[in-house]
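These notes concern the structure reproduced below.
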Amino acid sequence: MVDIKDFEVETLGECRVDTPIESARFVEDDDHVMFHYCLKDLQAYFEAGQTPPYFEMAGPRRNIYFDPSKLKCGIVTCGGLCPGINDVIQAMVMELYYHYGVRSIFGFRYGFEGLAPKYKHSPLELNPDVVTDIYLQGGTILGSSRGEQNVPEMVDTLERMNLGLLFAIGGDGTLRGAQAISQEIKRRNLKIGVIGIPKTIDNDISYVQNSFGFITAISEARTAIYTAHIEALGARNGIGLVKLMGRESGFIAAYATLANADVNLCLVPESPFSLEGLMAEIQNRLERRSHAVIVVAEGAGQEFFQATSETDASGNVRLGDIGVFLKEKINQHFKKIGVDITLKYIDPSYTIRSVRANPYDSYFCLTLGHQAAHAGMAGRTNMLVGYWNGQFTHMPISLAVSARKRIDPKGRLWNEVLASTGQPRTM
C-alpha cells in the first residue's frame with residue numbers, strides 16, 4: 001500500500017496574511033482528493049486501520065503566507081517545447097498581478113540558464129501588457145534550454161534579487177532541478193517557495209493524470225495519421241508509417257491510435273515486439289486489405305539498437321531512430337519476398353510540440369496557472385500542481401519524480417488499443 005506520508009507537502013510557515021482576493025471558492029487545508037477512487041482499494045486501508053492516502057486539494061486559501069505588496073516572483077520554463085507553456089505563463093501573471101496585487105514578476109530567459117550568472121541573460125519583467133496575447137503563440141516567450149546548472153549559484157540569484165517565489169514549468173528533469181533548488185534554499189534557511197508546473201508532452205509524470213499539451217498533441221497527431229491513411233489507401237500495398245513522441249511512455253501513440261480507427265498496428269516502449277512478428281502482421285494485413293497504417297512511439301523497439309552511453313543535455317540516453325529503422329526493415333522484408341509496396345513515412349514530432357494549445361488545453365493551462373499561483377501565495381514549496389480524479393492537487397516533487405508513468409501492458413488502456421487495432425497482444 002502507498003504511504004500517506006509520501007503525499008505530505010512542505011510549507012514555509014504559518015499563513016498569517018489575509019488574502020486580498022475578495023470573492024472566491026476558498027479551499028481549506030483539510031480539503032483533500034483521494035488517491036484511490038475504487039472502493040475495494042479504500043477498504044484495504046480501513047481494514048488495516050490506516051488512513052487512505054490523499055492529495056492536498058489545490059485552490060485559493062483565506063490566509064496566505066506572503067505580503068503581496070512586498071513579494072517578488074520568478075518564472076522559468078525548461079526542457080522541450082510543449083503546447084500551452086505561454087498559456088500557463090499568462091495565467092500565473094494575470095492571477096498574481098490582478099487578484100493578489102503582486103507587481104514584481106520576472107521571467108528568466110532560456111530555462112535554468114536564466115538563473116546562472118555566467119550566461120548573463122537579463123530577466124524579462126512580466127505584467128499584463130507583456131502577456132496579454134501570448135496564449136495565441138506556441139512555444140514560450142521566455143525561451144527554454146536543457147541541461148543542469150550550478151544549484152548554489154541559482155539560489156544566489158534568487159537571494160540577490162530578493163525573490164520569494166520561483167515557478168518552474170518543465171518535465172522530469174526540470175522538476176528534479178526545482179527540487180534541488182528547494183533543498184539548497186532549505187539548507188540556507190531561506191523563505192523562498194518553489195512551485196513546479198508539470199510540462200511533458202509525453203504525459204509521463206507520475207501521480208498526474210494529465211499534463212498540459214497532451215490533448216493538443218493527440219489532436220495534432222490525428223492529422224498526421226489521417227495523412228498516412230490516405231497515402232496508404234492511394235497505392236496497392238500501401239503502408240503509412242507515423243512516428244510520434246514518447247521516449248519511455250507511449251501515451252501519445254496509444255491515445256492517438258484510439259482517436260483514429262484507421263490505425264492497424266500501434267508500437268510502444270512498454271510492449272516489446274519482434275521484427276518477425278511485426279512483418280508477419282503487416283503481411284497479413286496487406287493480404288486482407290491491401291493497405292496498412294502503423295503508429296510507433298519514438299522509444300519503441302530500442303532493443304534493436306546497440307546500447308549507447310551518449311546522452312542529450314538533459315541526461316536522456318540518445319535513442320535510435322525507430323521510425324527510419326522500421327522504414328528500412330519493412331522495405332527490405334517485402335523486397336526479399338518479392339512483394340511490391342509503397343511506404344510513406346511521416347515524423348510530425350516538432351510540428352506537434354510547437355503548435356499553440358487547443359481550446360481544452362488552453363482552459364486546462366489557465367486553471368493550472370491559477371492553482372500554481374494560489375499554492376505559492378499560500379507558502380507551499382518543493383511541490384507541484386497536479387491533476388487527479390478530476391481535481392487539481394498539490395503534491396511533493398519527490399513523489400512526482402519517484403518513477404516514470406508508463407502504460408500497463410495488462411491494463412485497460414492497452415487493452416483498448418489492442419481491441420481498436422486488432423493486433424495481437426504479443427508479436
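The values are calculated or read from the model by the stated rules, or taken from the named source; none is laboratory data. It should be emphasised that the depicted structure is a prediction, and the values quoted were computed from it without experimental measurement. Heads up, the Cβs are rebuilt from the backbone with ideal geometry, glycines too, and the neighbour counts pull from every protein chain shown.
Which numbered condition in (1) outside the structural domain of Ile85 (by TED's automatic domain parsing); (2) over 19 Å from Ser354 (Cβ atoms); (3) assigned to a loop (DSSP other than H, G, I, E, B) is the only one that Lys191 fails?
Result: Lys191 passes all but (1).
Quick one: Ile21 ticks every box in (1) of a type in the set (A, V, I, L, M); (2) in contact with a strand residue (DSSP E or B) (Cβ under 8 Å, 6 or more places away or on another chain); (3) crowded, with 17+ Cβ neighbours inside 10 Å; (4) farther than 24 Å from Leu158 by Cβ except a single one, so which number is it?
(2)
Yes/no per residue for (1) closer than 30 Å to Ile352 by Cα; (2) outside any helix (DSSP H, G or I); (3) more than 30 Å from the chain's Cα centre (by Cα):
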site	(1), (2), (3)
Glu22	no, yes, yes
Asp29	no, yes, no
Ala44	no, no, yes
Ile75	yes, yes, no
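Tell me, yes or no, whether the range 265-274 has at least one residue that is acidic (Asp, Glu), free of Cβ contacts under 8 Å to residues at least 40 places away in the same chain and closer than 27 Å to Asp361 by Cβ.
Among the residues of the range 265-274, not one is acidic (Asp, Glu), free of Cβ contacts under 8 Å to residues at least 40 places away in the same chain and closer than 27 Å to Asp361 by Cβ, which makes the answer no.
When the range 411-423 is examined, which residues are found to be surrounded by fewer than 13 Cβ atoms within 10 Å (Cβ to Cβ) and over 23 Å from the mean Cα position of the chain (by Cα)?
If the condition is that a residue be surrounded by fewer than 13 Cβ atoms within 10 Å (Cβ to Cβ) and over 23 Å from the mean Cα position of the chain (by Cα), then Ala419, Gly422 are the ones that fit.
Do we have any residue at all in the range 249-261 that's modelled with pLDDT under 95 and either surrounded by fewer than 22 Cβ atoms within 10 Å (Cβ to Cβ) or over 18 Å from the mean Cα position of the chain (by Cα) (or both)?
Yes, some residue in the range 249-261 is modelled with pLDDT under 95 and either surrounded by fewer than 22 Cβ atoms within 10 Å (Cβ to Cβ) or over 18 Å from the mean Cα position of the chain (by Cα) (or both).
Looking at the range 400-427, I want the residues that are over 18 Å from Ile205 (Cα atoms) and have a partner that is part of a helix (DSSP H, G or I) and among the hydroxyl-bearing types (Ser, Thr, Tyr) with Cβ atoms under 8 Å, at least 6 apart or on another chain. Which pairs are those?
Note: pairs meeting the criteria are Val417/Thr257; Ser420/Thr257; Thr421/Thr257.
Please specify each residue of the range 291-347 satisfying the condition of being modelled with pLDDT under 95 and of a type in the set (A, V, I, L, M).
Listed by number, the residues that qualify are Ala307, Ala313, Val317, Leu319.
Restricting to the range 155-185, and then to whatever is over 24 Å from the mean Cα position of the chain (by Cα) and among the hydrophobic types (A, V, I, L, M, F, W, C), can you tell me which residue is nearest to Tyr207 (Cα to Cα)?
Per the stated criteria, the residue is Ile185.
Show me the helices (runs of 4 or more DSSP H) entirely contained within the range 315-427 in which 2 or more residues are more than 30 Å from Ile192 (Cα to Cα) and either in the same structural domain as Arg176 (by TED's automatic domain parsing) or not β-branched (Val, Ile, Thr) (or both).
322-336, 349-353, 359-377, 412-421
Return the residues of the range 27-57 that are aromatic (Phe, Trp, Tyr) and either in contact with a Ser or Thr (Cβ under 8 Å, 6 or more places away or on another chain) or outside the structural domain of Lys70 (by TED's automatic domain parsing) (or both); say none if nothing qualifies.
Once the filter is applied, which keeps residues that are aromatic (Phe, Trp, Tyr) and either in contact with a Ser or Thr (Cβ under 8 Å, 6 or more places away or on another chain) or outside the structural domain of Lys70 (by TED's automatic domain parsing) (or both), the range 27-57 yields Tyr45, Phe55.
Can you say whether Leu165 is assigned by TED's automatic domain parsing to the domain that holds Asn203, within 15 Å of Ile195 (Cβ to Cβ) and at pLDDT 95 or above, as far as the supplied structure shows?
Details: assigned by TED's automatic domain parsing to the domain that holds Asn203: yes; within 15 Å of Ile195 (Cβ to Cβ): yes; at pLDDT 95 or above: yes.
Yes; evaluated as a whole, the condition is true for this residue.
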